[in-house]
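Worksheet: one structure, shown below.
The values are calculated or read from the model by the stated rules, or taken from the named source; none is laboratory data. What you see is a predicted model, and the numbers here were worked out from it, not measured in a lab. Methodologically, a virtual Cβ is constructed for each residue, glycine included, from the backbone with ideal geometry; neighbour enumeration extends over all protein chains shown.
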Amino acid sequence: MSFFLSINAREDQRSQVFSGVFAMIWMAEAIVTFQIKLLGGTMYVCCHSGKKPSSETDSHHSSFFQSVCIIGYTLFPLVIAALLSALRVPTIVRIPVYSVLGLWSLAAGVSILGGSGVVKNRVSLAVYPLFVFYVGMACLCFIS
């Protein structure tokens, strides 16, 4: 995503744009992961059947970095948006497409939160940082 957004930057600013977007994405994912952990959520990995594990022997709790990677998968639709920006798709086309891609990312993030074990009455607290993150990334793709 950082690469696609830095393509349209001036030659002397490409490395700064790449570094800034990379750092912004990583910090936002770290904040969202901490938020999930603080709200009592745990993400599961290594589940053999594809279902939520039923015991400690089925799976183990993921580490911080595994959780960041799991959340990173939800950025795929926004990578498509960044690619469209690099290809200089007309603005009239980008507005509805970016809206759909942003909602796709949010839906993927919410589905991850559904299986994370966040206490039911605190899910909106966990969704809010995701929403701000994805809206910010979609806007960044749009203005580039």
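Scanning the stretch 94-127 for residues that are out of contact with any helix residue (DSSP H, G or I) (no Cβ under 7 Å at 6 or more places or on another chain) and at pLDDT below 85 yields 111, 114, 115, 117, 119, 120, 121, 122, 124, 125.
Just for the stretch 35-71: of the residues that are exposed (fewer than 14 other Cβ atoms within 10 Å of the Cβ) and modelled with pLDDT of 75 or more, which one is farthest from residue 132 (Cα to Cα)? So the residue we want is 65. Here is the figure for the stretch 12-34: residues that are at pLDDT below 85, exposed (fewer than 15 other Cβ atoms within 10 Å of the Cβ) and among the aromatic types (Phe, Trp, Tyr) total 1.
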